[in-house]
Amino acid sequence: MTKGGQIEVEVAGVEALALAIASFDLRPVGGGELPPFTAGAHIDLYLPQGLVRSYSLVNPQEERHRYVIAVNRDASSRGGSAWVHDHLQPGQRLVVAPPRNNFPLAEDAAHSLLIAGGIGITPLWSMIQRLEGLGRSWELVYCARTRAHAAFHDQLRACGGSVRFNFDGEPGGALLDLAAVVAAAPDDAHLYCCGPVSMLAAFEQATMGIAPERVHVEYFSAKAPPAKERGYTLVLARSGRTFEVKPGKTIIDTLMAAGVDSPYSCLEGVCGTCETRVIEGLPDHRDLVLSKSERAANRTMMICVSGSLSDRLVLDL
Ligand code: FES
C-alpha cells in the first residue's frame with residue numbers, strides 16, 4: 001500500500017470482452033492480498049494529468065489476489081477510458097484507491113431482478129457471481145446494441161439464473177419495455193439497475209410505487225448539475241477557517257483554490273470519495289450516492305456537487 005491507503009498495482013492481463021470493452025486484471029505490486037470488496041463495489045484509478053476514474057469490480061468478491069475491471073472505450077471519452085484502453089498493457093503499473101461500495105447487494109432477498117444497459121453490466125455481473133455462489137434466485141435483463149456489444153455474454157448464458165438479452169440495434173430489435181419488466185417482478189424481489197442515465201430515469205419512474213429499500217440504482221455520471229446557483233459562508237469546524245463560496249463555484253472548487261486539501265475523485269457526485277460530515281446548515285444535495293433517507297437526515301454531503309440552502313454551512317473539515 002502507498003500513503004493514504006492507495007495501492008500500487010500492475011496489469012497482469014488484458015482481455016477483449018466485447019466491441020470496445022476490455023477487462024484489465026490488476027495485481028498488487030510485490031504480491032500479497034488486496035483489501036477485500038463486496039459485489040457491486042468499484043475502485044478509483046489514478047490516471048495521468050490528475051484524472052481519477054471509477055470502475056466496477058467484475059471478479060468474484062472471494063478473490064483477494066486481484067481486482068478485475070471492465071472498461072468501455074467511450075466515444076466521447078474525456079481521456080479516462082481512452083487512456084485505459086491505449087496504455088494499460090501487461091506490466092504497466094498504476095495506483096488505485098481501495099474499493100468502495102455504493103451499490104451493495106441485498107444478499108438475503110428472496111429474488112433479485114437485475115437490469116443492465118451496456119457497460120452497466122459490470123457491477124451486476126459481480127452480483128450475479130455472488131448470488132450464484134449463495135444459491136439465490138435471480139434474473140437478468142441485459143440491454144445492448146447488438147450481441148457483439150454484450151460483455152460476459154457466454155458466461156451469463158452458462159449461469160443458473162434466467163438471462164434475457166435485449167439487442168435493440170439488431171434487425172427486429174426494439175427498446176426494452178422497462179415498465180413491463182418491473183411490473184412483472186415478484187412482490188418480494190429486490191430490483192437493481194445500472195446503465196445510461198435515460199435508462200436509470202425510466203427505471204426510477206417505473207419503480208416509484210415500490211418500497212425504496214427494494215430499489216437499487218447505480219449512476220456512472222451526474223444526473224443533475226452541481227449546486228452553485230447561490231453563494232454562502234462555509235466554515236471548516238476543525239481549522240476554524242471561513243470561506244465565501246461564490247455563485248458559480250462548488251465547495252471543492254473553493255477549497256482547492258484556497259489550497260485546502262480534501263479528498264475527491266469523480267467530481268460528479270457518484271463515487272462517494274468526498275463525503276463530508278455536516279455540523280450545521282442545510283445542504284443542497286445533488287449527488288447520486290446518498291439515499292433519500294440519508295439526504296433527509298443531512299448528516300453528510302458530497303462537497304463536489306452539493307451546496308448549501310442555508311446562508312452558513314459548517315463542515316467537519
Ligand atoms: Fe465523487 Fe464527490 S468526488 S462524489
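Considering each residue of the stretch 69-85, count those that are surrounded by fewer than 21 Cβ atoms within 10 Å (Cβ to Cβ) and under 13 Å from VAL11 (Cα atoms), and give that number.
The number of residues fulfilling the criteria is 1.
Yes or no, residue by residue, for (1) farther than 17 Å from GLN155 by Cβ; (2) modelled with pLDDT of 95 or more:
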| site | (1), (2) |
| --- | --- |
| LYS3 | yes, no |
| GLN6 | yes, no |
| VAL9 | yes, yes |
| ALA12 | yes, yes |
| ALA18 | no, yes |
| PRO28 | yes, yes |
| LEU34 | yes, yes |
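For the stretch 86-107, give me each residue that is in contact with a Gly (Cβ under 9 Å, 6 or more places away or on another chain) and open to solvent by less than 50 Å² (accessible area, probe 1.4 Å).
The answer is ALA97, PRO98, ASN101, ASN102, PHE103, LEU105.
Which residues, counting only those in the stretch 108-117, are among the small types (Gly, Ala, Ser), out of contact with any Gly (no Cβ under 7 Å at 6 or more places or on another chain) and surrounded by 24 or more Cβ atoms within 10 Å (Cβ to Cβ)?
Residue satisfying the conditions is SER112 alone.
Residues checked against (1) touching a helix residue (DSSP H, G or I) at 6+ places or on another chain (Cβ under 8 Å); (2) farther than 26 Å from GLY133 by Cβ; (3) not small (Gly, Ala, Ser):
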{"site": "GLN6", "(1), (2), (3)": "no, yes, yes"}
{"site": "VAL9", "(1), (2), (3)": "no, no, yes"}
{"site": "ILE21", "(1), (2), (3)": "yes, no, yes"}
{"site": "ARG27", "(1), (2), (3)": "no, no, yes"}
{"site": "LEU47", "(1), (2), (3)": "yes, yes, yes"}
{"site": "ARG66", "(1), (2), (3)": "no, no, yes"}
{"site": "SER76", "(1), (2), (3)": "no, yes, no"}
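Give the stretch 292-317 a look and list any residue that's hydrophobic (A, V, I, L, M, F, W, C) and either under 18 Å from the mean Cα position of the chain (by Cα) or in a strand (DSSP E or B) (or both), or say none.
Answer for the stretch 292-317, where residues must be hydrophobic (A, V, I, L, M, F, W, C) and either under 18 Å from the mean Cα position of the chain (by Cα) or in a strand (DSSP E or B) (or both): MET301, MET302, ILE303, CYS304, VAL305, LEU313, VAL314, LEU315.
Can you tell me which residue is surrounded by the fewest Cβ atoms within 10 Å (Cβ to Cβ) among those in the stretch 118-139 that are under 20 Å from ALA206 (Cα atoms) and touching a Leu at 6+ places or on another chain (Cβ under 8 Å)?
Per the criteria, the residue is GLU139.
Counting only residues that are among the small types (Gly, Ala, Ser) and open to solvent by 10 Å² or more (accessible area, probe 1.4 Å), which one in the stretch 46-68 is modelled with the lowest pLDDT?
Per the stated criteria, the residue is GLY50.
Filter the stretch 62-78 for residues that are farther than 27 Å from GLU107 by Cβ and over 18 Å from the mean Cα position of the chain (by Cα) and give the result.
ALA75, SER76 - these are the residues of the stretch 62-78 that are farther than 27 Å from GLU107 by Cβ and over 18 Å from the mean Cα position of the chain (by Cα).
What is the number of the single condition among (1) surrounded by 14 or more Cβ atoms within 10 Å (Cβ to Cβ); (2) free of Cβ contacts under 8 Å to residues at least 24 places away in the same chain that HIS190 does not meet?
(2)
Looking only at residues that are assigned to a strand (DSSP E or B) and among the small types (Gly, Ala, Ser) in the stretch 7-24, which one is surrounded by the most Cβ atoms within 10 Å (Cβ to Cβ)?
Result: ALA18.
Looking only at residues in the stretch 25-61 that are more than 17 Å from the chain's Cα centre (by Cα) and outside any loop (DSSP other than H, G, I, E, B), which one is nearest to CYS271 (Cα to Cα)?
That would be GLY50.
Considering the stretch 54-93 alone, what residues qualify as being more than 20 Å from ARG145 (Cβ to Cβ) and acidic (Asp, Glu)?
Scanning the stretch 54-93 gives GLU62, GLU63, ASP86.
The values are calculated or read from the model by the stated rules, or taken from the named source; none is laboratory data. The shown structure was predicted, so the numbers you read here are calculated from the model rather than taken from an experiment. Cβ atoms come from the backbone with ideal geometry, glycine included; neighbour counts cover every protein chain shown. Just so you know, the surface numbers come from the protein's heavy atoms only, side chains and all, with ligands and any DNA or RNA stripped out. Shrake-Rupley method; radii C 1.70, N 1.55, O 1.52, S 1.80 Å.
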